Amino acid sequence: TPVAADDVLRKRALEALTTARARTRLLTECVEDDELTAQHSPLMSPLVWDLAHIGNQEEQWLLRTVAGRDAIRPEIDSVYDAFEHPRAERPTLPLLSPAESRTYASDIRGRVLDVLEAHPLHGSPLVDAAFAFGMIAQHEQQHDETMLITHQLRRGPAALDAPEPPGGGTAGLPAEVLVPAGPFTMGTSTEPWALDNERPAHHRRVDAFHIDTTPVTNGAFQAFVADGGYTDERWWAPEGWDQIRRHDIGAPLFWRREGGQWLRRRFGVTEPVPEDEPVLHVSWFEADAYARWAGRRLPTEAEWEKAARHDPASGRSQRYPWGDEDPTPERANLGQRHLRPAPAGAYPEGASPLGVRQLIGDVWEWTSSDFLPYPGFAAFPYREYSEVFFGPGYKVLRGGSFAVDAVACRGTFRNWDLPVRRQIFCGFRTARDA
Ligand code: AVJ
Ligand code: FE
C-alpha cells in the first residue's frame, strides 16, 4: 500500500540523513576548533565552511522549498553560496564560528526530522520517493568526502583512524576482461534518488573492448615513474606536460622518494607506498600518460558503465556490478569504513558478471570522457548541480572511492573534475580496443 511504501521511504531517508550527520560530526569533532577555521589548502574551504554550508543547503531545500518555511538565517545564504565565493577566499568571509555552525546545522536537522515525519512523499518530483531528502543526504556525504580530502591535505598528526580493509591478490585473475560489442542501457529513469545528470536511461552502442580487471596499482605506476614516464613528452597531452613541468611533478601527490624507496603521507602518517594498492592522487593527465606508456588508453564513460552494469546473460543493466542489491562491506570499500583503498583483487563478491573487480568503491576512476548531458537531460532541481559544468573542461570519474558513502554511489553515479586535479581520491584503470 502507499502508506507502507511511505513508511519505508521515511525510514530510508532518516537513516541516510542520520548516517551522514554522524560522519559530519566525526570529521568536525576530531580536531580542535582552530583547525576547523584554518585553511589547510587554497584548494579547499575551511572545514567550518563545509559544516555550515551543509546546514544551509538543508535549510534551503528541505525547510524552505519542500516545507515552505521562512528562512531562519537568510543573511548567511550568500556566505555559503559556493558560486559566489571561490574556495580560496572563503576564510575571509564572515563565517559562523564552529560553535554557531554546529548549533545551526543541528537546529536545521531537528526541524527537518519533523518535516520528514509528516510531509507527503508524492505529488511533485521533489518529494516523490523522498527525493529531496535523499538528495540532501547525498549532498552532505559529498561534502563529507570533501572534508576528508581537507583532512588528507592537513599537516600535523593523525586525527582519524579506521580498521584496515580486507586483503586482495590478483593471482589467478586475468589482467583484463573482454566486454563484447553491442548496445546496453546507460543511465537510469527508475533509480529513485539518482541525480539529474544520471538521467534518463538511454541506449548506447559500444564496440568490443578489453578493460583491466582491477584498478592500476602503485606498483604498476612505479614502473612508469622508474621508466622516466614523467620526463618523456611522448606520453603526455600538451596541457598535462605543461602542468607537470610548471609544478615540477614527478610522482603522485603525497609521494616522496627517500632512501631509495617511495613513501607517502596518508592522513598524517608517512608509510612506504604499498605496491598492491590502487594508485591514488593522480590527475587525469597522469592517468592518460600512464595509459599511453602502457600501450593502452582510459576507458570511455560508456565503456566503464557497460563494464559495471551490463549483464550479458540477461541483457539488462544492473544497479551495481554484483546485481541490484545495495552495497555491503563484503562487496565494496565505501563510506570511510577504511582510510585507504583495498589491495587490487579484493572484494570478489563485488565482481561484475564478466569478472571485473573493484568498480565500486576504493578509488574514483578517471574516464576519457568529458562531462556532458545525456540525451533528454533536464536540470533538476537546480542548474548549479550539474548543468553549469557540462562541457569540455571537466572529465568524468566513476565508481566512487573509499570516501564515498553508499547513498552517493551506484553504477550510474557520475562525478567530474578538472583534469589537473589530484587531491581527490582518484585513480584509474585502463582499456584497449578489442
Ligand atoms: C559532484 C563532487 C563535483 O563537490 O563540487 C556539492 C558535489 N555540489 N555541493 C562538488 C556538490 C554541490 C560536487 N561534485
Ligand atoms: Fe555543496
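We did not get these values from a lab; they are worked out from the coordinates using the rules stated. Just so it is clear, the structure is predicted and the values come from calculations on it, not from any experiment. Virtual Cβ from ideal backbone geometry, glycine too; neighbours counted across all protein chains shown.
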(request) Can you run down the residue pairs with Cβ atoms below 7 Å, 6 or more apart or on separate chains, where the first is in the stretch 380-397 and charged (D, E, K, R) and the partner is loosely packed, with under 15 Cβ neighbours inside 10 Å and outside any strand (DSSP E or B)? (result) E384/F83
(request) Mind listing just one residue for me: the one in the stretch 65-88 that is outside any loop (DSSP other than H, G, I, E, B) and more than 16 Å from ligand 2 (Cβ to nearest atom) and, of those, surrounded by the most Cβ atoms within 10 Å (Cβ to Cβ)? (result) V66
(request) Output the residues belonging to the stretch 237-267 that are touching a helix residue (DSSP H, G or I) at 6+ places or on another chain (Cβ under 8 Å) and closer than 29 Å to T170 by Cα. (result) G250, A251, P252, F254, W262, R266, F267
(message) Can you tell me which of (1) over 23 Å from V279 (Cα atoms); (2) in a loop (DSSP other than H, G, I, E, B) is the one V388 doesn't meet?
(response) (2)
(request) State which residue pairs qualify: first residue hydroxyl-bearing (S, T, Y) and inside the stretch 76-98, second residue within 16 Å of ligand 1 (Cβ to nearest atom) in any location, beta carbons under 6 Å apart, and separation of 6 or more residues or different chains. (result) S78/E84; Y80/A52; Y80/H53; Y80/N56
(message) Take the conditions out of contact with any Cys (no Cβ under 9 Å at 6 or more places or on another chain), in a loop (DSSP other than H, G, I, E, B) and farther than 30 Å from L372 by Cα and apply them to L126. Does it pass?
(response) no
(request) Name the single residue, out of those in the stretch 288-336 being of a type in the set (D, E) and outside any loop (DSSP other than H, G, I, E, B), that is farthest from V356 (Cα to Cα). (result) D288
(message) Name the residue that is farthest from A130 (Cα to Cα), counting only residues in the stretch 5-29 that are exposed (fewer than 15 other Cβ atoms within 10 Å of the Cβ) and either among the small types (G, A, S) or in contact (Cβ under 8 Å) with a residue 40 or more places away in the chain (or both).
(response) A22
(message) Can you go through P341, P353, P348, P373 and tell me which one is under 19 Å from the mean Cα position of the chain (by Cα), surrounded by fewer than 19 Cβ atoms within 10 Å (Cβ to Cβ) and of a type outside the set (D, E)?
(response) P373
(request) Could you grab me the full set of residues in the stretch 34-47 that are within 16 Å of ligand 1 (Cβ to nearest atom) and either hydroxyl-bearing (S, T, Y) or under 17 Å from S106 (Cβ atoms) (or both)? (result) S41, S45, L47
